[in-house]
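To start, the structure under review is shown below, and the notes come after it.
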């Protein structure tokens, strides 16, 4: 099932966009709840030249919101971030051998499982810099 010669390698991971708004004067002595909604999209990049390599592109969007427990309808902090991870398949990989593998949920999960912890770590670090305690936020899928 797993063909080691077709394993992609993570080549780049970058933050595309990060926006935040923090309306909390301070976070101590308040019970603040934070919700995060990740959206993950996976695409296949086809080489534009015969010598080029196939690429898998994982796009991760995270939207977060902080509210005081007593007033959950009033957002006190909003964050959104967009991340991109690019994986390169080995030279000589053909479309015929790659497409069936790429369409498998397990293969897509492996790609997302490598990129998501990087995005989640950055997201958590930004939350911490805003003064939030983020022990409860997940780092993995």
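A few remarks follow.
- Residue in the range 113-130 that is part of a loop (DSSP other than H, G, I, E, B), on the phi < 0 side of the Ramachandran plot, modelled with pLDDT of 90 or more and out of contact with any helix residue (DSSP H, G or I) (no Cβ under 9 Å at 6 or more places or on another chain) present: no
- For the range 76-85, the set of residues classified as under 23 Å from the mean Cα position of the chain (by Cα) and more than 16 Å from residue 16 (Cβ to Cβ) consists of 77, 78, listed by residue number.
- Of all residues in the range 66-94, those satisfying the criterion of being out of contact with any strand residue (DSSP E or B) (no Cβ under 9 Å at 6 or more places or on another chain) and either part of a helix (DSSP H, G or I) or free of Cβ contacts under 8 Å to residues at least 60 places away in the same chain (or both) are 70, 71, 91, 92, 94.
- Filter pass, residue 98 being touching a residue at least 40 places away in the same chain (Cβ under 8 Å), touching a strand residue (DSSP E or B) at 6+ places or on another chain (Cβ under 9 Å) and within 28 Å of residue 127 (Cβ to Cβ): no
- Consider the range 24-43 and keep the residues that are surrounded by fewer than 17 Cβ atoms within 10 Å (Cβ to Cβ) and at pLDDT 95 or above. The one that is nearest to residue 82 (Cα to Cα) is 39.
- Checking each residue in the range 60-75 for being within 18 Å of residue 110 (Cα to Cα) and either touching a helix residue (DSSP H, G or I) at 6+ places or on another chain (Cβ under 6 Å) or surrounded by fewer than 16 Cβ atoms within 10 Å (Cβ to Cβ) (or both) picks out only 60.
- Which listed residue, of 48, 59, is in a strand (DSSP E or B) and either free of Cβ contacts under 8 Å to residues at least 60 places away in the same chain or at negative phi (or both): 59
The values are calculated or read from the model by the stated rules, or taken from the named source; none is laboratory data. All figures in this text were calculated on a predicted structure; none of them were measured in a lab. Note that each Cβ is placed from the backbone with ideal geometry, even for glycine, and that neighbours are counted across all protein chains shown.
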